[in-house]
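Accompanying notes for the structure given below.
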């Protein structure tokens, strides 16, 4: 009997060694990449899901995924070469493009604004914003640009208020709670969180006449032109993340809970339903949306004019469609 158990132990040891060796060989053959996401928002769910479900590994990539708050910092990392792919709003990268950078939008699953200006409950009209202190994330970020445009469209000059950089969504909500801020611009389901805390949604940016890539994949043309196969691998993993997010609610809710650090079941379920319906499975970047984003940037005289439509690069999504990739995913994830 002892001999039998000893033999079994040897067999299991050999089996484990083989598994460890196979895993090490696979890890050695994966191509290492760095990508960032720019918001603690459900709009980032596809890249989180793809990472947690090891979809990038499925397509041969070892992806280091990091959070970089604020568009300007993300684009600096992209231009500096420390990040190869950025999942963020297209606005900061478009500004860099207009200034001569080789940034491009290669995928965009969401072209709708999801921001709100949330204020203290005693503020009931935009006229009452005059003289108030409003918070956004960082200077020249999407929240900064949108806040100023939203005020303008509602008849309030940015000179009538004080706009200060506060940080991420949690920091902005904290500023409201302490009373240091009279209003903040936030995104997505955080509006529900804020209203449950007793604050008021004053401006719903989704109702404004603006189209913006709210969760695009941003790159440098120099990189993707040199590494087209790697780019397609990344997009395959990320796009399958969209399909998986929509098809597997239980798994996706667990991922959302991990990344947004929210325990409220109602908020998580509402967030999931919102983005499940909003995210497009075929994220083709649109030159029309680039023009709309440039229209918002137009108020900054330092940004050169030009053709913003060239910022959108549909080549890779079109190639994936021609290869039958979307048909394959539609079959795989069909209900």
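Read the figures in this text as sums done on the coordinates, not as results from a lab. Treat the numbers as computed from the prediction; the structure is a model and nothing was measured. When we count neighbours, we look across all protein chains shown, and the Cβ atoms used for this are built from the backbone with ideal geometry, even at glycine.
For this structure, a couple of remarks:
- Measuring between their Cα centroids, the stretch 140-163 and the stretch 193-219 lie 14 Å from each other.
- Nearest-ten-degree value, helix 169-178 long axis tilted from longest Cα axis of the chain: 50 degrees
- C-alpha center-to-center spacing [the stretch 60-95, the stretch 301-335] in angstrom: 18 Å
- Helix 265-278 axis, angle to the chain major axis (alpha carbon atoms, nearest 10°): 90 degrees
- Overall dimensions of the stretch 115-207 by Cα: Rg and Dmax, Å: 11.4, 31
- Taking the number of Cβ atoms within 10 Å of each Cβ as an exposure proxy, the fewest-first ranking of 280, 136, 110 is 280, 110, 136.
- Taking other Cβ atoms within 10 Å as a rough exposure proxy, 88, 34 sort from fewest to most as 34, 88.
- Between 307, 122, 154, the Gaussian network model of the chain with springs among Cα atoms under 10 angstrom shows the greatest mean-square fluctuation at 122.
- Angle in degrees between helix 287-297 and the longest Cα principal axis of the chain, rounded to the nearest 10: 50 degrees
- Treating r as the C-beta distance of residue 225 and residue 122 and R0 as 41 Å, the FRET efficiency rounds to 0.15.
- Beta bridges by DSSP in the chain, antiparallel share as percent, to the nearest 5: 50 percent
- Gain upon complete extension [residue 197, residue 247; 0.36 nm per residue less C-alpha separation]: 14.9 nm
- Structure remark: mean-square fluctuation, Gaussian network model of the chain, C-alpha springs under 10 Å; the largest value among 298, 221, 288 belongs to 298.
- For the chain, the mean residue ellipticity at 222 nm estimated from helices alone is -15000 deg cm²/dmol, where every DSSP H run of n ≥ 4 contributes -39500 (n - 2.57) and the total is divided by all residues, rounded to the nearest 500.
- Taking the number of Cβ atoms within 10 Å of each Cβ as an exposure proxy, the fewest-first ranking of 238, 48 is 48, 238.
- Taken over the chain, the convex hull of the Cα atoms encloses 167 Å³ per residue.
- Tensor-based shape of the stretch 215-335 (alpha-carbon gyration tensor, a/c under 1.5 rounded, otherwise prolate or oblate): oblate
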